[in-house]
Amino acid sequence: MNQIKRVFGFVWIALAIAAAYFCIFIFGLPKLASGKQEDLVFGIIILFVLTPLIVAGLGTFGYYALMGDYDDK
């Protein structure tokens, strides 16, 4: 079971990288470049609020799972 938890550490880190890519290049930057005010507000929220929270949460959880902090002792 501990090995599965460590493998999922890699999965969470990969999800953090994928979430960073999608939040920045698919959701955030195109909204900033559209020129409409409602898209600009949404793009700012995605880039500067949600992306750091999502990536930091997934990355931290994956790091701790990879290092074995969730292992049964």
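What you get for the chain, charging only the Cβ of Lys and Arg (+1) and of Asp and Glu (-1), is a dipole of about 80 debye around the Cα centre.
Only aspartates and glutamates eight or more places from K36 in sequence, or on another chain, were considered; none has a Cα closer than 18 Å.
Among G43, G57, G35, which one moves the most in a GNM of the chain with springs linking Cα atoms closer than 10 Å? Among G43, G57, G35, the largest mean-square fluctuation in the Gaussian network model of the chain belongs to G35. Within a straight-line Cα-Cα reach of under 17 Å, K5 can be paired with the following lysines, leaving aside sequence neighbours fewer than 8 residues apart in one chain: K73. Taken over segment 2-67, the ratio of Cα radius of gyration to 2.2 N^0.38 Å equals 1.35. Calculated mean residue ellipticity, 222 nm, the chain: -22500 deg cm²/dmol, from DSSP H runs (n ≥ 4) at -39500 (n - 2.57) each, averaged per residue and rounded to 500.
Laboratory data are not the source of any read-out in this text; all were calculated from the coordinates shown. The structure presented is a predicted model; accordingly, all values stated were derived computationally and were not measured. Because the Cβ atoms are built from the backbone with ideal geometry, glycine has one as well, and the counts that use them run over all protein chains shown.
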